[in-house]
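The values are calculated or read from the model by the stated rules, or taken from the named source; none is laboratory data. Given the structure is predicted, the values throughout are model-derived calculations rather than measurements. Every residue, glycine as well, gets a Cβ built from its backbone with ideal geometry; the counts of neighbours run over all protein chains shown. Ligands, DNA and RNA are stripped out before the accessible areas are found, and what is left, the full protein with its side chains, is counted by its heavy atoms. Shrake-Rupley method; radii C 1.70, N 1.55, O 1.52, S 1.80 Å.
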Amino acid sequence: MKRLITSGLMFGNLIHVDSPALVERYNRALKHLTGKQTSLTDFYIDISGYSPEVGDELGDPLYLNHAGVNRQFILLTTAQKTAPLLDAKFSTSRGILRQFIEENEPALFALTARDAVAGELVNSVFDLSEPKRLFDIRRIVIEADTTNGRIRRAAELDAKVDRFLNEEDAWFDDVLIAEMIGLAGETGDIVRNPVTLKQMEFEQRNFWTAHFGGLYLFQDLELPGVLASAGTEGLGELPIEYVFGLEERNRIANFLDLNGLVEPIVKARGIDAGALLRQKMDFLMVDALADAGVDLAGRTRTDMRRLARTHAGQLPEEFHALAALLNWAESGGAWPTIGSDSPAYFYTLRASAHKDADLVNMLLAELAPKDFRQLFICHKELFYRRYSGWTETKKAFVVDYLLREYQVDKVGARKALFGRDAPMEEPEPERDMDQLIELVGPWGPVRR
């Protein structure tokens, strides 16, 4: 994994915590949330404040996410909004945290100038021992405060000020006045500088979770259903009509089509379908030929066409199906029949324009995993798992391609793929990559 780290494709855009003041604030928040502290003086954190190095030190990779539910967070700076969320258990968590930071950015900027803000993404479920408990997760409420309770005290002061201004004879209440003076000494002038965070709630009806081998829950649809990456065995009875394993391709295809969740690439508006099909064909060819020992380094578009002709007999069914579709799209050839039982079927689709497009594209990435670019963009955890099992030839090609074709223009690449604006991460700050590798190691938080 060292190649991914040095190229910034893994552990990219984390926030470096290396000053004594920030470490001390982090420790106060960590003790406030978990009762633990770190002895490290230099580490990286994600959008939630999770640090792989601290997790390794504590021997607990879920120290801010006990049992994988109700994720806690530590904010040291509003710059965390651009960081990734490592080891996410729910697809919605990063978006919720980012929206919370952006909606409260002025207040959080002021609060984190003095202290860390600690909080939790709260739902009504604390135990996911059974898959059916996932259906009890309906909304997420964010609770947050500084470690010294500044927001809580500001609310108390605001209530006392209201009493002072509106209750008869409050001007003569020495105890009330003394309490206001004491609280004002801790919170500052809340009239000129209000100390408050917006009360935010988020509906969570359609989402992916890493629990139970990976589940896609689509509850807020006309025909709701659950799609299980590891199959349906062991899920028990679920309070939803349709439950499919990802191996049930025909049923999944019908489910996506009947709910209007996908559209064919060749009929989609706003993208160059021909170029996209060629790229997918290249990815399929790389997957086949890398295992056959073919050198792929530095191959140009002309080289890739030559390889396709030379090794046509070694290329998979998906490649030839997409080639036929490309011939129809650009040359008026015969319309190819690509049914849902074809291994190429899900390579021909993208999410249609709806609020859960990112979730559907994540599902399609898992159903068509040889498209490593979509896998990297839409389902990074699965990309990293699959990458670890690839040949060195394929690893080198994939990293080179992502750096050359994707990293240089993420916005343009995503628009070319999906034909619409999609949430994007901010440009990653420059950092000493050798130092980062030293801290996190090639496979994770391994300190020397």
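Values computed for the structure shown
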item: Scope region 80-130; condition assigned to a loop (DSSP other than H, G, I, E, B), over 30 Å from Gly213 (Cβ atoms) and either of a type outside the set (Gly, Ala, Ser) or without any contact (Cβ under 8 Å) to a residue 24 or more places away in the chain (or both); matching residues; result: Asn104, Thr112, Ala113, Arg114, Asp115
item: Number of the condition not met by Glu57 [criteria: (1) of a type in the set (Asp, Glu); (2) out of contact with any Ser or Thr (no Cβ under 7 Å at 6 or more places or on another chain); (3) touching a residue at least 24 places away in the same chain (Cβ under 8 Å); (4) open to solvent by 10 Å² or more (accessible area, probe 1.4 Å)]; result: (2)
item: Residue check for Leu382: open to solvent by less than 20 Å² (accessible area, probe 1.4 Å) and out of contact with any Phe, Trp or Tyr (no Cβ under 9 Å at 6 or more places or on another chain); result: yes
item: Considering residues of region 204-231 that are over 22 Å from the mean Cα position of the chain (by Cα) and surrounded by fewer than 17 Cβ atoms within 10 Å (Cβ to Cβ) only, the residue nearest to Ala88 (Cα to Cα); result: Gly231
item: Residue satisfying condition, being small (Gly, Ala, Ser) and under 15 Å from Leu121 (Cα atoms), within set Gly59, Gly35, Gly49; result: Gly49
item: Selection count where residues are assigned to a loop (DSSP other than H, G, I, E, B), under 30 Å from Pro224 (Cβ atoms) and at pLDDT below 85, scope region 256-315; result: 4
item: Residues of region 272-289 that turn out to be open to solvent by less than 30 Å² (accessible area, probe 1.4 Å) and more than 18 Å from Lys394 (Cα to Cα), as a count; result: 4
item: Elements of type helices (runs of 4 or more DSSP H) contained in region 1-75, each with 2 or more residues being over 28 Å from Trp390 (Cβ atoms) and among the aliphatic types (A, V, I, L, M); result: 20-34, 52-58
item: Evaluation of Phe397 against (1) part of a helix (DSSP H, G or I); (2) free of Cβ contacts under 8 Å to residues at least 60 places away in the same chain; (3) in contact with a Leu (Cβ under 9 Å, 6 or more places away or on another chain) (one fails), failing number; result: (2)
item: Among (1) in a loop (DSSP other than H, G, I, E, B); (2) open to solvent by 70 Å² or more (accessible area, probe 1.4 Å) - the single one Glu330 does not satisfy; result: (1)
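Okay, residues lined up against (1) acidic (Asp, Glu); (2) modelled with pLDDT under 95; (3) loosely packed, with under 15 Cβ neighbours inside 10 Å:
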| position | (1), (2), (3) |
| --- | --- |
| Thr82 | no, yes, no |
| Glu103 | yes, yes, yes |
| Leu108 | no, yes, no |
| Ala113 | no, yes, yes |
| Ala116 | no, yes, no |
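Residue-by-condition table, conditions (1) under 32 Å from the mean Cα position of the chain (by Cα); (2) crowded, with 17+ Cβ neighbours inside 10 Å; (3) outside any loop (DSSP other than H, G, I, E, B):
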residue: His320; (1), (2), (3): no, no, yes
residue: Ala323; (1), (2), (3): no, yes, yes
residue: Leu363; (1), (2), (3): yes, yes, yes
residue: Gln374; (1), (2), (3): yes, yes, yes
